[in-house]
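Novice: Dumping the structure here so I can ask a few things about it.
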Amino acid sequence: MEDKNWLISLAAGLIAASVVLYYIHYLAFHDLHHIGVFALHELAFLPIEVLIVTLVIHRMLETRETRRKLEKMNMVIGTFFSVAGSRLLRCFATSAGEAFPYRKELHINPEWSGKDFDKRSRELRGMSFEIEICNIDLGKLKSFLVEKEDFFVRMLENPMLLENETFTELLRAVFHLTEELHHRHDLTICPEKDLVHLKGDIDRVFGQLIVQWLEYMKYLKANYPYLFSLALRMNPFDENASVMIK
């Protein structure tokens, strides 16, 4: 209501200012004909002015704001992978072992273009990514996730990430897995059905991590070659990956 009253007051003030100025013009020159011609000229140009402001200037400002938000969003996503995401990917990819059928597809070539990343993402989106839960130390995984729980909560509270539905769903999946493990005091006595349930939660996180990781690598390739170089040398799906440049 306050915003509406402010807009009404502003509009009334501008109209009043225009009337006063036209009246001063009349008092100075006593020329209604000139005032009419001038007013009609300005009125005729108004649609073009609106076109320029709304479709050109506004679009330019909107594009600039979108890029600024995208930059900040990817900074947050980069923080996620630095703090937790890359380690989770490495853990799950290792547990999948040789049975993981998409390992070679995730050996990113430094020469990949944006279209190559998009193609690989489309191919893998919706695929079933399954891990061997017997190869995962659930106790260590639980300790790691619980340690990062506050970090995950803060990321979920970040309003900027609400615009990225894919990443938000990933965070929810990770947070859910964290809660599932957190409420199990002794993971060594989980019955078979419970392990199957936990496996499903981990598989969900694994699949969403892969898709988001590809999107993030695409962003780094296009905008930050030096960060892309490091991420490429630490590819969690490349068993021979090394941070050392050989």
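The values are calculated or read from the model by the stated rules, or taken from the named source; none is laboratory data. Here the structure is a predicted model, which is why all the values come from computation and not from measurement. Don't worry about glycine lacking a Cβ; one is built from the backbone with ideal geometry, like all the others, and counts go over all protein chains shown. Heads up: the accessible areas ignore ligands, DNA and RNA and are worked out on the full protein's heavy atoms, side chains in. Shrake-Rupley method; radii C 1.70, N 1.55, O 1.52, S 1.80 Å.
Novice: Give the residue that is farthest from the chain's Cα centre (by Cα), with candidates limited to residues of the stretch 15-59 that are modelled with pLDDT under 75 and either under 20 Å from Glu163 (Cα atoms) or among the polar types (S, T, N, Q) (or both).
Specialist: Thr54
Novice: Of the residues in the stretch 115-132, how many are open to solvent by 100 Å² or more (accessible area, probe 1.4 Å) and in contact (Cβ under 8 Å) with a residue 60 or more places away in the chain?
Specialist: Residues in the stretch 115-132 being open to solvent by 100 Å² or more (accessible area, probe 1.4 Å) and in contact (Cβ under 8 Å) with a residue 60 or more places away in the chain: 2 in total.
Novice: Of all residues in the stretch 27-36, which are assigned to a helix (DSSP H, G or I) and either open to solvent by less than 80 Å² (accessible area, probe 1.4 Å) or touching a Leu at 6+ places or on another chain (Cβ under 6 Å) (or both)?
Specialist: Of everything in the stretch 27-36, those that are assigned to a helix (DSSP H, G or I) and either open to solvent by less than 80 Å² (accessible area, probe 1.4 Å) or touching a Leu at 6+ places or on another chain (Cβ under 6 Å) (or both) turn out to be Ala28, Ile35, Gly36.
Novice: Filter the stretch 193-241 down to the residues that are aromatic (Phe, Trp, Tyr) and in contact with a Lys or Arg (Cβ under 6 Å, 6 or more places away or on another chain), then identify the one that is farthest from Glu71 (Cα to Cα).
Specialist: Looking at residues that are aromatic (Phe, Trp, Tyr) and in contact with a Lys or Arg (Cβ under 6 Å, 6 or more places away or on another chain), I get Phe237.
Novice: Can you tell me which residue among Thr188, Thr166 is without any contact (Cβ under 8 Å) to a residue 60 or more places away in the chain, of a type in the set (Val, Ile, Thr), over 21 Å from Glu71 (Cα atoms) and open to solvent by 30 Å² or more (accessible area, probe 1.4 Å)?
Specialist: Among Thr188, Thr166, only Thr188 is without any contact (Cβ under 8 Å) to a residue 60 or more places away in the chain, of a type in the set (Val, Ile, Thr), over 21 Å from Glu71 (Cα atoms) and open to solvent by 30 Å² or more (accessible area, probe 1.4 Å).
Novice: Moving on. Pull up the stretch 167-192, narrow it to residues that are among the hydrophobic types (A, V, I, L, M, F, W, C) and over 27 Å from the mean Cα position of the chain (by Cα), then point me to the one that is farthest from Met155 (Cα to Cα).
Specialist: Here the answer is Ile189.
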